[in-house]
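A short reminder: the numbers here are calculations on the coordinates, not readings from a lab. Just so we're clear, the structure is a prediction, and the values are computed from it rather than from any experiment. Positions of Cβ are generated from backbone atoms using ideal geometry, with glycine treated the same way; all protein chains shown enter the neighbour counts.
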Amino acid sequence: MHSMTGYGRGQCRRDGCTVTVELSAVNRKQPDFRFLLPRELAWLEARLRPQVQERITRGAVTVVFACELAPERRRAQVRVNAELAAAVVLRLREAARSAGISEEVRIGELLAVPGILEGFGGATADDTVAGTAAEALRLALDALRQMQEREGAALARDMVARLAVLAGLLEEIRSLADGALIQYRERLRERLRLLALDFGPDDDRLAREIAFTAERADVHEEMTRLASHLAQYRDLLAAAPQPAGRNLDFLCQEMAREINTLAAKTPDTTISRHALAFKADLDRLREQVQNVE
């Protein structure tokens, strides 16, 4: 099991190129990957996004790249577009003669023209940079997943403890349910007697009315489903590491629905108190599930 939060950093050096990748992940129901790259590295996103998607299935992840080139590699990348420079000088001189001003063109003025100096200060799209970035990203993902796995193990331990509390509360409710139902039936009989309704002791109508009303207060069906959901929850926690957050969240929703129905049906105040305690601990469990991938 993995948490959705974490941080990872990776760095790789190859052939005068150093790429550093930092990953930060936070909770989000759907996968959301944001790449922050220098302009000259924008082409990397399309190549490396699948690498992140393969490792992470849920959560918001920010991917930050930085690339540093050794001086010799920077020098090798610098290119002057001589053809463009000659054309610019020619046009500037023609314009100067037409305006009757000096025809002198300084190198600084020429370098200010876009496209004269190419490849300065950045990484070009080549296999060396791509391979270096992919390896740095792999290292960062490994570090991120290791942190998320540690946090996921801590979350799993906490959830196992909370499941034990919920199971204990459910057993308390189960131990009271039969007795509460019998007491409820007796109270119904007593109320009908006090109302002096025309029912004989062996009147089938009385038996049917009591059975029907008591059936509406029976919570055994809800208890059975709650026990099943708790068992499924334990099985998911014990399964091999895999994304389980959505399934765990669904089970929490189902348990919330069942305990709400149980609380609404039971006339017993003690069972109601246990149901409220169950709901409170279930809310805490669901808060933890929101951190699980």
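I'd like to know which of 81, 100, 27 lies farthest towards the positive end of the charge dipole of segment 1-106, counting +1 on Cβ of Lys and Arg and -1 on Cβ of Asp and Glu.
Positive-most Cα among the choices belongs to 27.
Relative contact order of segment 79-118, please, whole-number percent, based on alpha carbon pairs below 8 angstrom and at least 6 residues apart.
On the way: 27 pairs, mean separation 23.3, N = 40.
Once divided by the residue count of segment 79-118, the mean separation gives 58 percent.
Computed FRET efficiency, Cβ-Cβ of residue 261 and residue 36, R0 41 Å: what is it to the nearest 0.05? Mind showing how you got there, number by number?
Details: r = 48 Å, r/R0 = 1.16.
Computed FRET efficiency for residue 261 and residue 36: 0.30.
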